[in-house]
Amino acid sequence: MLSSAPGPIGVFDSGYGGLTILKEIRERLPEYDYIYLGDNARNPYGTRSFDVVYEFTRQAVHALFERGCRLVILACNTASAKALRSIQQKDLPVWDDSRRVLGVIIPTVEALGSISKNGNIGVLGTPGTISSGTYDIEIAKFFPQFRTVSVACPMWVPLVENKEYDSPGADYFVEKYVEQLFAEEPDIDTIILGCTHYPLLIDKIRSRVGDRASIITQGELVAASLADYLRRHPEMDQKCTRGGTCTYLTTENPDKFAELAQSFMQTSLTASHITL
């Protein structure tokens, strides 16, 4: 039986990338309590099937609900692409239809209208996010006149999670995928970084893109969208506790998690182990 008491806001990612979202959310909304859950033992999700990503994400969301969360953010593009809709439609009515699960893709897409001048959009993401076609579908819904070109970047997440994002090897793979994107559409004027790990590569990406296009990172957009959501839904806002705390959970070794998480959060932290 899930508790009906107010609780923290849950933030879920398959690994570390969602920390870039959490960091921006906490800067925008520092008064709330948060639980971050990283499924580090089973990541990456980017190459897994729809069914596996859905099941893993479903387990994680339920674990956060069991720990008191009434609202969970899927701070993971792959989970948002492959699991969000199924959880909203199939699981929430069974678990508790007063709870909410939100993703990172729609807030990102909504911002395009005020950024792109010519409607040529590039998306860089994991193989799972790109193969899902979710960005193409959502952009077409909001902006049917836009053209979207997507490129999968299978090496970028391993570079980040192995602390190689400042290495010469990272330069090679950033150049490879960015130039592949422009080869498909030279007139792209806006690029979505469709994975929450990619902000750690932002300097190299900006250097390669130059002044050819604007680059959208998701953290600030998702934080602003969450603030707006809570303003528009006071009934949910009242179910989120305010103590300024943040708890970190991982399915991997918590010491390993804490060490690498510092690269994303720019501060030391402690984590606890969880089994899903």
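Can you spot a residue in the stretch 114-131 that is within 24 Å of Val209 (Cα to Cα) and out of contact with any strand residue (DSSP E or B) (no Cβ under 9 Å at 6 or more places or on another chain)? Checking the stretch 114-131: at least one residue is within 24 Å of Val209 (Cα to Cα) and out of contact with any strand residue (DSSP E or B) (no Cβ under 9 Å at 6 or more places or on another chain). Which one of these is more than 20 Å from Phe182 (Cβ to Cβ), modelled with pLDDT of 95 or more and open to solvent by 20 Å² or more (accessible area, probe 1.4 Å): Phe146, Phe142? Result of the check over Phe146, Phe142: Phe142. Counted as qualifying within the stretch 172-256 are no helices (runs of 4 or more DSSP H), as none has 3 or more residues that are among the aliphatic types (A, V, I, L, M), in contact with a strand residue (DSSP E or B) (Cβ under 7 Å, 6 or more places away or on another chain) and open to solvent by 10 Å² or more (accessible area, probe 1.4 Å).
In the stretch 59-155, counting only strands (runs of 3 or more DSSP E) that sit wholly within it, none holds 1 or more residues that are at positive phi. Restricting attention to the stretch 42-58, the residues that are in a helix (DSSP H, G or I) and within 20 Å of Ile106 (Cβ to Cβ) add up to 5. Among the residues of the stretch 101-130, the one identified as over 17 Å from Ile205 (Cβ atoms), hydroxyl-bearing (Ser, Thr, Tyr) and buried (at least 18 other Cβ atoms within 10 Å of the Cβ) is Ser116. When you look at Pro107, is it at pLDDT 95 or above and either in contact with a Leu (Cβ under 9 Å, 6 or more places away or on another chain) or not acidic (Asp, Glu) (or both), yes or no? It is false that Pro107 is at pLDDT 95 or above and either in contact with a Leu (Cβ under 9 Å, 6 or more places away or on another chain) or not acidic (Asp, Glu) (or both). Among the residues of the stretch 156-168, those that are free of Cβ contacts under 8 Å to residues at least 60 places away in the same chain, open to solvent by less than 30 Å² (accessible area, probe 1.4 Å) and outside any loop (DSSP other than H, G, I, E, B) comprise Trp156, Leu159.
Check whether at least one residue in the stretch 54-70 is modelled with pLDDT under 95 and open to solvent by less than 50 Å² (accessible area, probe 1.4 Å), and report yes or no. Taking every residue of the stretch 54-70 in turn, none turns out to be modelled with pLDDT under 95 and open to solvent by less than 50 Å² (accessible area, probe 1.4 Å).
Residues that are in a loop (DSSP other than H, G, I, E, B), of a type in the set (D, E, K, R) and surrounded by 17 or more Cβ atoms within 10 Å (Cβ to Cβ) within the stretch 1-41 comprise Asp33, Asp39, listed in sequence order. The selection criterion, being part of a helix (DSSP H, G or I), modelled with pLDDT under 95 and not hydrophobic (A, V, I, L, M, F, W, C), holds for Ser263.
Among the conditions (1) modelled with pLDDT of 95 or more; (2) touching a Ser or Thr at 6+ places or on another chain (Cβ under 6 Å), the only one that Gly219 does not satisfy is (1). Checking the stated criteria, Val157 turns out not to satisfy the condition of being closer than 28 Å to Arg48 by Cα and over 16 Å from the mean Cα position of the chain (by Cα).
For the stretch 184-208, a tally of residues being over 17 Å from Leu159 (Cα atoms) and polar (S, T, N, Q) returns 2. Taking the criterion of being in contact with a His (Cβ under 9 Å, 6 or more places away or on another chain) and of a type in the set (Val, Ile, Thr), the residues of the stretch 143-181 that qualify are Val157, Val160.
The values are calculated or read from the model by the stated rules, or taken from the named source; none is laboratory data. What you see is a predicted model, and the numbers here were worked out from it, not measured in a lab. With ideal geometry, Cβ positions are generated from the backbone for all residues, glycine too; neighbour counts draw on all protein chains shown. Calculation scope for accessible area: heavy atoms of the full protein, side chains included, ligands and nucleic acids excluded. Shrake-Rupley method; radii C 1.70, N 1.55, O 1.52, S 1.80 Å.
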